[in-house]
Structures are given as structure tokens and as C-alpha cells.
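Quick notes on the structure that follows.
No value in this document is a laboratory result; all are computed from the given coordinates. These figures come from a predicted structure and were not determined experimentally. When we count neighbours, we look across all protein chains shown, and the Cβ atoms used for this are built from the backbone with ideal geometry, even at glycine.
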Amino acid sequence: MCLHQKRLCECGRNEAYVFHRDSILPEEVLVHLYCPECAASVAWNARTMVRDGGWILEYDMEAACFYLGRRLGRLDYTPEDIFDEDYCSWYGLTPMDLEASRRLHEELEPLKRDDLKAYIHEMTRRRLDQVHILKRQGWRKAARA
């Protein structure tokens with residue numbers, strides 16, 4: 001089972017859906033979440049932080065390595081490893097991908113009722129177009145898709 005949470009950034013103006021693969025890391029491992037607006041005033045620490053799309057996720061690396069080591073046997077994780085291997089990253093490709101997906105499904109719902117094949121084609125086309133846009137914008141998870 002995987003844990004996911006909806007979390008406010010430090011300035012409280014934006015929120016993100018955060019995913020915890022296999023529920024190995026508790027929510028508390030993500031100590032700070034900075035949106036592009038509040039990230040501008042944060043002192044960068046490469047030992048505890050990872051950047052994605054202007055956002056910064058700051059982890060308690062001691063706790064993260066403890067939990068990951070206990071479960072997986074490896075102790076030398078970096079913030080990039082934690083994010084890129086989905087132990088604590090976005091639920092989807094971006095902080096609000098879950099919401100964007102929900103809106104797209106709602107928008108295409110009438111087509112789904114009328115023509116399922118056309119719905120599947122349009123959903124696939126729109127999501128692939130979005131992935132290409134996100135790749136160009138430099139989102140880490142989109143780059144792997």
C-alpha cells in the first residue's frame with residue numbers, strides 16, 4: 001500500500017499531492033515543501049533538498065536513510081534518489097497532476113458516454129501532449145516518462 005497526502009507549501013499559498021512509494025517513509029520525512037513563490041527565499045542545501053519545476057522538497061535525510069535502510073538495506077540515499085525513486089515525490093508528474101487529471105476526466109466525461117473509443121483516443125492524446133510540455137519545462141518525473 002502506498003501513502004499519499006495533500007500538503008500546503010511553507011507560505012500556504014499553494015498545495016501539492018505527495019506520494020510515498022510502498023509507505024516506507026512516513027509523512028514527517030518531508031520536513032518542508034516550498035512552492036516557486038516561497039522557494040525564492042530559501043537557502044539551498046543540496047544534502048537535504050531536491051528541486052523540481054521551481055518547487056523544493058526538503059527531507060529529513062537522517063530519518064529517510066534510517067527507514068529506507070531498515071527496509072531496503074541501503075543507507076546512502078540522496079534527496080534526488082528519494083524523489084526520483086518515488087519514495088517521497090509528486091503523486092503524478094507535478095504537484096497538482098492529480099487535480100489536472102481529474103479535471104481532464106470531467107471535461108471528457110460526455111465523450112466517454114457517447115463514444116468510448118474516441119474518449120480513450122482523446123484522453124491518450126491529451127495526456128501525451130501534456131507529458132511533452134512538462135518535459136520541455138524540466139519536470140523530473142515527466143523526463144522519465
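A few remarks follow.
- Candidates are the residues of the stretch 96-105 that are among the charged types (D, E, K, R) and in contact (Cβ under 8 Å) with a residue 60 or more places away in the chain; the one that is surrounded by the most Cβ atoms within 10 Å (Cβ to Cβ) is 97.
- Within the stretch 44-76, the set of residues being within 21 Å of residue 142 (Cα to Cα) and in contact with a Gly (Cβ under 7 Å, 6 or more places away or on another chain) comprises just one member, 53.
- Pair list, Cβ under 7 Å, 6 or more apart: the stretch 68-95 residue of a type in the set (Gly, Ala, Ser), other residue in a loop (DSSP other than H, G, I, E, B): 69/75
- Residue list for the stretch 11-31, filter: surrounded by fewer than 17 Cβ atoms within 10 Å (Cβ to Cβ) and not hydrophobic (A, V, I, L, M, F, W, C): 12, 13, 15, 21, 22, 23, 26, 27, 28
- Checking each residue in the stretch 106-128 for being under 24 Å from the mean Cα position of the chain (by Cα) and free of Cβ contacts under 8 Å to residues at least 12 places away in the same chain picks out 106, 107, 124, 125, 128.
- Residues in the stretch 53-79 that are surrounded by 14 or more Cβ atoms within 10 Å (Cβ to Cβ) and over 19 Å from the mean Cα position of the chain (by Cα) were compared, and the one that is farthest from residue 134 (Cα to Cα) is 66.
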